[in-house]
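A single structure is presented below for examination.
The values are calculated or read from the model by the stated rules, or taken from the named source; none is laboratory data. These figures come from a predicted structure and were not determined experimentally. Cβ: placed from backbone, ideal geometry, glycine included. Neighbour counts: every protein chain shown. Remember, those area values only see protein heavy atoms, side chains included, never the ligands or the DNA or RNA. Shrake-Rupley method; radii C 1.70, N 1.55, O 1.52, S 1.80 Å.
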Amino acid sequence: MSQPHRINGGLTDRTQALHFTFNGKAMQGYAGDTLASALLANGQRLVGRSFKYHRPRGIFSAGSEEPNALVELRRDAHCEPNTRATVAELFDGLEARSQNHRGSLEFDLMAATDLLSPFLSAGFYYKTFMWPKAFWEKFYEPIIRASAGLGRLSGQSDPDFYDKGFLHCDLLVIGAGPAGLAAALAAGRSGARVVLADEDFVLGGRLNAETMQIGGQMGSAWAAAAGGELAAMGNVRLMPRTTVYGAYDHGIFGALERRTDHLADTTGAPRQILWRVYARRSILAAGATERPIAFANNDRPGVMLAGAVRTYANRFGVTPGRRVAVFTNNDDGWRTATDLAGKGVEITAIIDTRKIRPLASIPGVVIMTGAHVTGTAGRKGIKAITLNTGQRIPADCLAVSGGWNPNVHLTCHQRGRPVWDNDISAFVPGGDLPPGMTVAGAANGTLTLAAALKEGHATANAALKSLGFTPSRSQAPVAEDEPRTLEAFWHVRAGRGRAWLDFQNDVTVKDVKLAHQEGFRSVEHLKRYTTLGMATDQGRTANIPALAIMAECTGKTIAETGTTIFRPPYTPVPIGALAGRARGKDFRPYRLTPSHKWASENGATFVETGNWLRAQWFARPGEKGWRDSVDREVRMTRASVGICDVTTLGKIDIQGRDAAEFLNRIYANGFAKLAVGKVRYGLMLREDGIAYDDGTTAHLAENHYVMTTTTANAVLVFRRLEFARQCLWPDLDVHLISATDGWAQFAVAGPNARALLAKLVDAPFDISNEAFPFMACASLSVCGGTPARLFRISFSGELAYEIAVPARFGDAMIRALMAAGKEFDAIPYGTEALGVMRIEKGHAAGNELNGQTTALNLGLGRMVSKKKDCIGNVLSERAELNRPDAVRLVGFKPVDRAESLAAGAHFINRGDPADMDHDQGWMSSVAFSPMLGHSIGLGFISRGHERMGEIVRAVDPIRKREVEVEITSPHFFDPEGERLRV
Amino acid sequence: MIINHPLLGPRDAAEFVYLGDASLIDRPDWQDPLAAEKFHDYLYLRDNPVGNHRELWYHEQGDRSWLVVTRNTLTHEIIKVELATDVARKRGRSR
């Protein structure tokens, strides 16, 4: 397994060979390689196909800006598509595959798309495939979607796990290149808490890619030493493999740490960690990204950024080509030639767009100044380049440099807009930086080494001073500034063939010109019309050249043309990392009631109600379906006694001298005169007069109340009460605490409820009807000393109690209740039987209190006091809410008692058409009543209370059903309420 | 965002629930002859300023304080954080 393109030098560990495969072919690299450097070492130039035209593409860059080399890594459920080979760290056993081709990478059947390119220019969606219209959705779009694309998802659940973490620091340094390291050293030495994050797995940034010296040693060696010094400091946290992807409000940063992506065995450790970093100050030292020059057929494998070619040679000991040519508009490109020549790689030509005196002379190299590359030859990898002179020069790698763009992204994540710097022909950070942020080094447009080191050092010291630290006396590291003159030059006009700007989204110079011609001249329009910069690389190598071309077209300057807005994330963040551990059921964990264990032991089927899991029914052997169980639970409860866990209802403890007055303002009905030892039903309105929530409130002792809310609104009602207490009536003496989780509560309902509870209540408490009548409440003890609260309230319409004990006794309580109830044939009942019994009694619940109904609609209009101030009573009197034809809550029975009813059906008068104009109201709740032996329903119908006995149609167009129903009282069972008062 | 709670110090905004304009403190008098109109305005009319905005935040995952936060809607800079009870009292609310 030879590595034909491996050359001497570099930072990879030649003693540690790593085996990997690319499209099934076994290859070998070394520890310290990226997948890209290893592929290049193995002579693999063709690595992928472009998104739209399926053009053969090769590795273009050596960093996270890579547009071409997107690959699938790993296999099966672990497969991750669209990974940039240039940042994927090589490990032993890595499996990589190219993507977006049908058939093999070399002979992509979809490559014919390229021949159709005249029809696929910018905006082709809106032009070519417009006719016939019906073809778009069924024909054109599926074909286009199938032919364009990136990698494929495994379709399986991600087997890895991800974590989230929180970090606090005085100074966050983003980027560990020369400026970042100098800043971190200065800050670390002063004692400040420093976090230094870099997306690379080796600290040093460009220092590892260049041959420059700091303090007399190689830049890479200096970086390693600096990293060692920082690692030894207790106040510094080094975070390699960590991308700070977003700058958020108030010094909060999002960072993604790739924890085990580079390891063969990841068991037991999170794959990635999403950090939220709270930084008092931050220094952006994110470096710069090189940009290409556009010319005909500049997308062929082998055409690369000049800086990347240096990176591969200097850092990885790999030459991307055997015969390398350089095309540049600045001094930097020349270093690629001299560095590679120094390593014995043949340089065939240096072409500089500027008419300058050559910066170097290398024997045997064609040096052309004031010249351009006008084309390339070689379909799956370049073989030669053509110059504007007509000269053809052999080259299997063309290193292109169009200058460097500072990575200003994070400076723009809030309100910052970059400004154009003519000196370096690039955008540099403008004003309005995120508060606390300063920028140093290449990210700030300071593109040379000595200046970047000084700036990093000075910027850190300034930040430290502003935080009150005394900067250490250390000096900035010493180095020399390299030459860096540049001529703005964006694209070669001469030449045949398309000149590519955005490699990943296949946007060409011609597309930009077309956009201009068609009026899409603002940068934001240009982006959306051509899809420039909208790929996974966000156009990091493409945007500025494209803007420059648009500026040429419009005759404006680039500064006037401006940039599109940079938004987080800087590089893609996996959804798995954003989700962290909150996946599947962990996204919203269940809340379990105190009787859950007992219920699961006793055959309960559970249902989700909000976050709670509640018993829905308890099936017995022989019962054929849920209706059998529910009907039995209702019948047995009404015949003897049933028990239901009602812990999920919200419970709010209310205390204080003004508690009664407070409740009187919260509830629409009166609470001022509720006696100690009594419970009252209360209805809450919203301030707009719509019914909000209901429940009971017990007056347990002087100045002490316990409110219950519906399960769904427990949190919201509490929030509202706190709002009223703090914001509306701050001087009322009232205090609140949520007690929902503190108490286990059970409804004990049925004719034998008292007899059952009498066995558990400690003497001398008297629960006879005389001593403890309907709507009584008390604190007491049960089962020989367990503290408890007893409420004589009934949702079922039976003689009923709710008994509450501290939650830790909940399991014991349900077992004690069931044991005591054995002689009465007591049964547990679930939420379905609860619902059936409340419908039989005509009680409103969530279906009725649906945020659209008023007290009047609910038949509770008279409860709303007009003699006091309470939330919602003023606006409940609005005329529209009190129309004479307003809907009223009533009961419904099917005329044919054998028919079943459906909630959601709308009422239409007999003889009227079933349309919106004739809508009379709707059915809100339905059930089969085991007591009546037929279906019953609750619903709202216009003037319902005046229409008893009338027959209307319940029309259900969605389920295509229609049933004739009779309007009745909502109190189907025991309408006089005799059973609950015995 | 970070909200500097007057009692608890700087806290992450994720601990809070947002309600809206602090004018919700100024609930009208129910016996005012124009109560219906005033409640309408109180409930439905809001300013949407560019710049400083006084708004109600509830420290639900914390001490349950309602806070009046003065926040610049353009920059998200938080200029002032007060306990809503203090603000309510200053605005004449009591019992």
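Would you compute the Debye intensity of region B:7-49 from its alpha-carbon atoms alone, equal scatterers and no solvent, and pass along log10 I(q)/I(0) at q = 0.22, 0.29, 0.32 Å⁻¹ to two decimals?
-0.79, -1.04, -1.13
How high is the relative contact order of region A:292-402? Use alpha-carbon pairs under 8 Å, at least six apart in sequence, and give a whole percent. Mind showing how you got there, number by number?
On the way: 258 pairs, mean separation 39.6, N = 111.
Result for region A:292-402 is 36 percent.
Sticking with this structure for a sec: Between region A:456-470 and region A:435-453, how many Å separate their Cα centres?
14 Å
Using just the Cα positions, wrap region A:292-402 in a convex hull and report its mean projected area in square nanometres, one decimal place. Working shown, then result.
On the way: hull surface 23.4 nm².
For the Cα atoms of region A:292-402, the hull's average projected area reads 5.8 nm².
May I pose another question? Could you pull out every residue, at least 5 positions away or on a different chain, whose amide H is within less than 5 Å of the one on A:S935? Hs are placed 1.01 Å off N in the peptide plane, and Pro or chain starts have none.
A:S929
Can I ask one more? Of the trypsin sites (Lys or Arg not before Pro) in region A:148-212, which ones lie in a loop per DSSP and count no more than 15 other C-beta atoms within 10 Å?
Working: sites: A:R152, A:K164, A:R189, A:R193, A:R206; in loops: A:R152, A:R193.
Qualifying residues, ordered by number: A:R152.
In terms of modelled amide H atoms, which long-range or inter-chain residues lie less than 5 Å from the amide H of A:E482?
A:L449, A:A450
Can you bin region B:2-90 into rounded, prolate or oblate? Criterion: square roots of the alpha carbon gyration tensor eigenvalues sorted a ≥ b ≥ c, rounded for a/c under 1.5, prolate for a/b above b/c, oblate for the rest. Could the numbers behind the result be given before it?
On the way: a/c = 2.50, a/b = 1.66, b/c = 1.50.
Cα axes put region B:2-90 in the prolate bin.
May I ask what percent, to the nearest 5, of DSSP beta bridges between residues of region A:561-673 are antiparallel?
Numbers: 6 of 8 bridges.
In region A:561-673, DSSP labels about 75 percent of beta bridges as antiparallel.
OK, next. When the accessible area of region A:883-981 is split by element with a 1.4 Å probe, what percent falls to carbon and sulfur?
Details: 2380 of 4780 Å².
On region A:883-981, the fraction of accessible area on carbon and sulfur atoms equals 50 percent.
Grab the other residues whose beta carbon is less than 15 angstrom from that of A:P884, score K and R as +1, D and E as -1, and report the net. Write down the numbers at each step before the final one.
Working: positive: A:R878, A:R883, A:R888, A:R943, A:R947; negative: A:E877, A:E880, A:D885, A:E946.
Result for the neighbourhood of A:P884: +1.
While we're looking at this one, here's another question. Taking 0.36 nm per intervening residue step and subtracting the Cα-Cα distance, what contour gain separates A:C553 from A:E877 on full extension? Please list the in-between numbers first.
Numbers: separation 324, 0.36 × 324 = 116.64 nm, distance 6.49 nm.
Value of the extension gain: 110.2 nm.
Quick check: from the Cα gyration tensor, does region A:337-457 come out rounded (a/c under 1.5), prolate or oblate?
On the way: a/c = 2.68, a/b = 2.14, b/c = 1.25.
Cα axes put region A:337-457 in the prolate bin.
Still on this structure: Could you order peptides A:780-793, A:760-773, A:77-90, A:98-111 by the average number of other Cβ atoms within 10 Å of their residues, highest first? Provide the component values of the computation, followed by the final result.
On the way: A:780-793: 17.9, A:760-773: 13.2, A:77-90: 20.8, A:98-111: 15.9.
The most tightly packed comes first, giving A:77-90, A:780-793, A:98-111, A:760-773.
How much accessible area per residue does chain A have, in Å², with a 1.4 Å probe?
On the way: 38840 Å² over 982 residues.
Value returned for chain A: 40 Å² of accessible area per residue.
Hey, another quick one. For every helix of n ≥ 4 consecutive DSSP H residues, a contribution of -39,500 (n - 2.57) applies; sum these over the protein assembly as shown, divide by its total residues, and give [θ] at 222 nm rounded to the nearest 500 deg cm²/dmol.
Value at 222 nm, helices only: -5500 deg cm²/dmol.
Taking θ as phi - 60°, what are the ³J(HN,Hα) couplings along region A:344-358 by the Karplus curve (6.51, -1.76, 1.60), each to the nearest whole Hz, with x for Gly and Pro?
Using θ = phi - 60°, the values come out as x, 7, 6, 9, 8, 7, 10, 10, 10, 5, 8, 8, 10, 6, x Hz.
Something else: Give the calculated FRET efficiency between A:K138 and A:T605 to the nearest 0.05, with a Förster radius of 56 Å applied to their Cβ-Cβ distance.
Values: r = 43 Å, r/R0 = 0.77.
Using R0 = 56 Å, I get an efficiency of 0.85.
Please go through region B:1-81 and write out the trypsin sites (Lys or Arg not before Pro) that DSSP classes as loop and that have at most 14 other C-beta atoms within 10 Å.
Numbers: sites: B:R11, B:K38, B:R46, B:R54, B:R64, B:R71, B:K80; in loops: B:R46, B:R64.
Here the trypsin sites (Lys or Arg not before Pro) that fit, given the DSSP loop and packing criteria, are B:R46.
Does region A:883-981 classify as rounded, prolate or oblate by the C-alpha gyration tensor (a ≥ b ≥ c root eigenvalues; a/c under 1.5 gives rounded; else a/b over b/c gives prolate, otherwise oblate)?
Details: a/c = 2.22, a/b = 1.38, b/c = 1.61.
It comes out oblate by the Cα gyration axes.
Counting only protein heavy atoms and a 1.4 Å probe, tell me what percentage of chain B's accessible area is made up of carbon and sulfur. Could the numbers behind the result be given before it?
Values: 2510 of 5060 Å².
Here carbon and sulfur together make up 50 percent of the probe-accessible area.
Using the Cβ atoms and a cut-off under 15 Å, what net charge is assigned to the surroundings of A:R620, where Lys and Arg are +1 and Asp and Glu are -1?
Working: positive: A:K624, A:R627, A:R632, A:R635; negative: A:E601, A:E623, A:D628, A:D631, A:E633, A:D825, A:E832.
Net charge in that neighbourhood comes out at -3.
Then there is this: Can you give the Kirkwood hydrodynamic radius for region A:799-841, in Å, rounded to one decimal and based on Cα pairs? Don't jump to the answer; show the numbers that get you there.
Details: mean 1/r = 0.0830 Å⁻¹.
Mean inverse Cα-Cα distance, inverted, gives 12.0 Å.
Roughly how large, in nm² to one decimal, is the mean projection of the convex hull of the alpha-carbon atoms in the protein assembly as shown? The partial results should precede the final answer.
Working: hull surface 207.5 nm².
Taking a quarter of the hull surface, the average projection is 51.9 nm².
Let me ask you something else. Kindly express, to the nearest 10 degrees and within the range 0 to 90, the angle between helix A:449-466's C-alpha long axis and the longest C-alpha principal axis of chain A.
So the inclination is approximately 30 degrees.
Would you calculate the separation in nanometres between label points at B:N72 and A:E524, each defined as 7 Å from the Cα along the Cα-to-beta-carbon direction?
2.2 nm
Same structure again: Relative to the first principal axis of the alpha-carbon coordinates of chain A, what is the inclination of helix A:543-554, with its axis defined by its Cα atoms, in degrees from 0 to 90 and to the nearest 10?
Long axis of A:543-554 versus the principal axis of chain A: about 80 degrees.
Within the set A:K597/A:K678; A:K678/B:K90; A:K52/A:K527; A:K527/A:K556; A:K867/A:K893; A:K678/A:K893, which residue pairs have Cα atoms separated by over 27 Å? Please list the in-between numbers first.
Details: A:K597/A:K678 33 Å; A:K678/B:K90 38 Å; A:K52/A:K527 16 Å; A:K527/A:K556 18 Å; A:K867/A:K893 38 Å; A:K678/A:K893 35 Å.
Over 27 Å apart, Cα to Cα: A:K597/A:K678; A:K678/B:K90; A:K867/A:K893; A:K678/A:K893.
Inside 10 Å of the C-beta atoms of A:870-882, what's the mean count of C-beta atoms belonging to other chains? Please list the in-between numbers first.
Working: counts 1, 2, 1, 3, 13, 7, 0, 3, 3, 1, 0, 0, 0.
Per-residue shielding by partner chains comes out at 3.
Summing Lys, Arg as +1 and Asp, Glu as -1, what charge do residues with Cβ under 11 Å from the Cβ of A:E210 carry, A:E210 excluded? If you can, show how the numbers build up before the last one.
Details: positive: A:R206, A:R310, A:R315, A:R335; negative: A:D332, A:D339, A:E482.
Local net charge: +1.
Can you give me the angle between helix A:178-190 and the longest principal axis of chain A, using Cα atoms only, in degrees from 0 to 90, rounded to the nearest 10?
Between the helix axis and the principal axis of chain A, the angle is about 60 degrees.
Roughly how many percent of the accessible protein surface of region A:493-603 is carbon and sulfur, given a 1.4 Å probe and a whole-percent answer?
On the way: 2900 of 5310 Å².
Taking all protein chains in place, region A:493-603 shows 55 percent carbon and sulfur surface.
A further question follows. Please list, in chain and number order, the residues 5+ apart from A:F60 or on another chain whose amide H is under 5 Å from its amide H, with Hs placed from the backbone.
The answer is A:N68, A:A69.
Which trypsin sites (Lys or Arg not before Pro) does region A:312-366 hold that lie in a coil by DSSP with at most 14 other beta carbons within 10 Å?
Working: sites: A:R315, A:R322, A:R323, A:R335, A:K343, A:R354, A:K355; in loops: A:R315, A:R322, A:K343, A:R354, A:K355.
Answer in residue order: A:K355.
Please report how far the C-alpha centroid of region A:916-982 lies from that of region A:655-676, rounded to the nearest whole angstrom.
Answer, in whole Å: 34.
A further question follows. Residue by residue through region A:622-637, what is 3J(HN,Hα) from phi via Karplus (6.51 cos²θ - 1.76 cosθ + 1.60, θ = phi - 60°)? Round to whole Hz and write x for glycine and proline.
Karplus values, whole Hz, x for Gly and Pro: x, 7, 8, x, 4, 5, 4, 5, 5, 4, 5, 4, 5, 4, 6, 5.
Oh, and also: Where q = 0.13, 0.26, 0.29 Å⁻¹, what log10 of I(q)/I(0) comes from the Debye formula for region A:666-719, counting one point per Cα?
Those come out to -0.32, -1.06, -1.19, one per q.
Then there's this: Of the listed peptides A:527-538, A:442-453, what is their order by residue-averaged count of other C-beta atoms within 10 Å, with the highest listed first?
On the way: A:527-538: 21.6, A:442-453: 25.2.
Ranking, from highest mean packing down: A:442-453, A:527-538.
Roughly what would the spin-label model give for A:A462 and A:R152, points 7 Å off Cα along C-beta, in nm?
Here the answer is 5.4 nm between the modelled labels.
Separate question: Tell me, which residues of region B:28-68 get at least 30 Å² less accessible area when the other protein chains come in, versus the chain alone (1.4 Å probe)?
When all protein chains are present, B:W30, B:F39, B:L43, B:Y44, B:Y58, B:E60, B:R64, B:W66 each give up 30 Å² or more of accessible surface.
Return the FRET efficiency for the residue pair A:A819, A:W626: r is the Cβ-Cβ distance, R0 is 30 Å, and the value is rounded to the nearest 0.05.
Numbers: r = 27 Å, r/R0 = 0.89.
Between A:A819 and A:W626 the formula returns 0.65.
Report Rg/Rh for region A:1-99, rounded to two decimals, where Rg is the Cα radius of gyration and Rh the Kirkwood radius.
Working: Rg = 12.8 Å, Rh = 13.5 Å.
Taking Rg over the Kirkwood Rh, I get 0.95.
Taking each residue in B:88-94, count the Cβ atoms of any other chain within 10 Å of its Cβ, then average. What number comes out?
Values: counts 6, 2, 1, 2, 0, 6, 4.
Taking all residues of B:88-94 together, the mean is 3.
While we're here: What residues of region B:66-95 lie in the reach of a label at B:N52, counting those whose backbone N is under 12 Å from a point 7 Å from the Cα along Cα→Cβ?
In region B:66-95, the label zone of B:N52 (backbone N under 12 Å from the point 7 Å along Cα→Cβ) covers B:70-73, B:78-81.
Averaged over peptide A:718-726, how many Cβ atoms belonging to another chain are found within 10 Å of each residue's Cβ?
On the way: counts 2, 6, 2, 0, 7, 7, 2, 4, 14.
Per residue, the average neighbour count from other chains is 5.
Rounded to the nearest 5, what is the percent of antiparallel bridges among the DSSP beta bridges in chain A? Write down the numbers at each step before the final one.
Numbers: 132 of 181 bridges.
Antiparallel: roughly 75 percent of the beta bridges in chain A.
Applying the Karplus parametrisation 6.51 cos²θ - 1.76 cosθ + 1.60 with θ = phi - 60° to the phi angles of region A:240-256, what ³J(HN,Hα) value in whole Hz is obtained for each residue in order, glycine and proline being reported as x?
For region A:240-256, the Karplus-derived couplings read x, 6, 10, 9, 7, 9, x, 10, 10, 4, 6, x, 9, 10, x, 9, 10 Hz, x marking Gly and Pro.
At 7 Å along the Cα-to-beta-carbon direction for both A:E946 and A:R322, put a label point, then send me their distance in nm to one decimal.
Output for this residue pair reads 10.0 nm.
Ignoring ligands, DNA and RNA, how much accessible area is buried between chains A and B, both sides summed, with a 1.4 Å probe, to the nearest 100 Å²? Display every interim value, and only then the final one.
Working: alone 40390 and 6570 Å², together 43890 Å².
By this definition, chains A and B bury close to 3100 Å².
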